[in-house]
1. If I ignore ligands, DNA and RNA and count only protein heavy atoms, how much of E78 is accessible to a 1.4 Å probe, in Å² to the nearest 10?
2. Probe of 1.4 angstrom, ligands and nucleic acids ignored: what's the accessible area per residue over the stretch 63-132, in square angstrom?
3. What FRET efficiency comes out for the pair L82/A44, r = Cβ-Cβ distance, R0 = 35 Å, nearest 0.05?
4. Would you work out what percent of the accessible area of the stretch 27-182, with all protein chains in place, is carbon or sulfur (probe 1.4 Å)?
5. Out of the stretch 68-142, which chymotrypsin sites (Phe, Trp or Tyr not before Pro) are coil in DSSP terms and have no more than 12 other C-beta atoms within 10 Å?
6. Show me the three semi-axes of the equivalent ellipsoid for the stretch 79-152, from the C-alpha gyration tensor (sqrt of 5 times each eigenvalue), largest first, rounded to whole Å.
7. So what's the stretch 71-200 giving for Cα Rg divided by 2.2 N^0.38 Å, two decimals?
8. Assuming 0.36 nm per residue, please report the length gained on full extension of the stretch N201 to N188 beyond their Cα-Cα distance.
Amino acid sequence: ALDKALGGGLASAALTEVHGRQMRDAGAAAGFVLALSALLLKAAAPRPLLWIATSDMLAQAGLPYLHGIARLFGIAAETLLLAEAPKALDAFWIAEEAAGLKSLSAVVLELPGKPRHLDLDATRRLHRRAVLAGRPVFLLRHSSGPQPTAAPLRFVVSPAPAAPRRILGRPLAGSIGPPAFTVELEKNRLAPPMRLVLEWNADELSFEHRAARHESATPDPVALVSLSRHGTDMAAPARPRMAYGMLRFPAARRQS
């Protein structure tokens, strides 16, 4: 559904804006950008991914966790470059210089709120350099509302509740499934705004539309493996106990 609304898919040489309305959605918005970057790395030759962020942005949202990024998105630590800028103006300068480099797979510019230097002129330069270099540039904004930019697309991303994990085609009761994103396509020249829930498949490195996947499935609250009907449970009932209750410490020796 999203590919159809985008006219076949996301443009690989353009400025794309992704932002969350609240700072607590920073993990979901950043994860969505990492998923898009993983799709690019999957379809082309591996090149470094440059992540640019201001110092206050990293202080609020945290540094990228390399082990988790490699596990969930298949982006190796040696292919992720991090540039920390003291101010938003410095981050824009780094992004403009990097957007024209064909040696990078993508450029991510992460900013909080509505920086004073974020205007149509600055985003036009980013979009033009991305088109000329044939590489995407992602403008990742947190805790902010809509603002005029030159990006042809704008996604508003927030976390969605995870569905139960599916085993043998059935939902497993009490389990937590793959990460899910509530994605709103707020700005699009090809189709009207839309909203959908996407699940990220870390093994296949692909998105799945939850409505299409669970369309005919009905929730099953019953566990796949039933409890034993013969005898008692092997596990003893849990009781409150101190971890060091059985230890004995020797008495301290007096020094002569």
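The values are calculated or read from the model by the stated rules, or taken from the named source; none is laboratory data. Here the structure is a predicted model, which means the values were calculated and not measured. Quick reminder, even Gly has a Cβ in these numbers, built from the backbone with ideal geometry, and neighbours come from all protein chains shown. Calculation scope for accessible area: heavy atoms of the full protein, side chains included, ligands and nucleic acids excluded. Shrake-Rupley method; radii C 1.70, N 1.55, O 1.52, S 1.80 Å.
1. Ignoring ligands and nucleic acids, E78 comes out at about 140 Å².
2. On the way: 3960 Å² over 70 residues.
For the stretch 63-132, the per-residue accessible area is 57 Å².
3. Details: r = 21 Å, r/R0 = 0.61.
Once the sixth-power term is evaluated, E becomes 0.95.
4. On the way: 4340 of 7180 Å².
That fraction is 60 percent.
5. Values: sites: F73, F92, W93, F138; in loops: none.
Counting only loop positions with at most 12 other Cβ atoms within 10 Å, none of the chymotrypsin sites (Phe, Trp or Tyr not before Pro) in the stretch 68-142 qualifies.
6. Working: eigenvalues 71, 43, 23 Å².
Computed over the stretch 79-152, the values are 19, 15, 11 Å.
7. Working: Rg = 17.7 Å, N = 130, 2.2 N^0.38 = 14.0 Å.
Taking N as the residue count of the stretch 71-200, the ratio is 1.27.
8. Details: separation 13, 0.36 × 13 = 4.68 nm, distance 2.53 nm.
Here the answer is 2.1 nm.
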